[in-house]
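Chemist: Submitted below is the structure of interest, expressed as structure tokens.
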Amino acid sequence: MAQRIGTKLFVSRLSFYTTKDQFKNMFSPFGQVTEANLVMDSRTGRTKGFGFVSYQSEDEALKAIKALNGRIIAGRIIFVEPAKDNK
DNA sequence: TATGAGCGT
């Protein structure tokens, strides 16, 4: 088993004011995003501060991690890493 | 209203 990161990424520590459109736009230039999901709160209808992104290939996913992990987005440092359920 | 590690409707 080599370094398999999967195509699904877990993105956390996002700004509470970040919307799905922003979320999707920041991952689009790094590859073809097949799935972009921001976890919302059923109570307030707002973001929980994290979400999931899926790319077409692991290479794009890894590229997005290195490009956005630990980066400052919207004034906040975000964390991007492979999701646990990466298939 | 605001909040701040986490793996989801």
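Read the figures in this text as sums done on the coordinates, not as results from a lab. What you see is a predicted model, and the numbers here were worked out from it, not measured in a lab. Cβ coordinates were reconstructed from backbone atoms using ideal geometry, including for glycine residues, and neighbour counts include every protein chain displayed.
Chemist: Using only alpha carbon pairs under 8 Å that are at least six residues apart, calculate the relative contact order of chain A and give it in whole percent.
Modeler: Value for chain A: 43 percent.
Chemist: Can you compute the radius of gyration and Dmax for region A:8-82, using only the Cα atoms, both in Å?
Modeler: Considering region A:8-82 through its Cα atoms, Rg and Dmax are 11.5, 36 Å.
Chemist: Would you work out the charge dipole size for region A:8-82 about its Cα centre, treating the Cβ of every Lys and Arg as +1 and the Cβ of every Asp and Glu as -1, and quote it to the nearest 20 debye?
Modeler: 340
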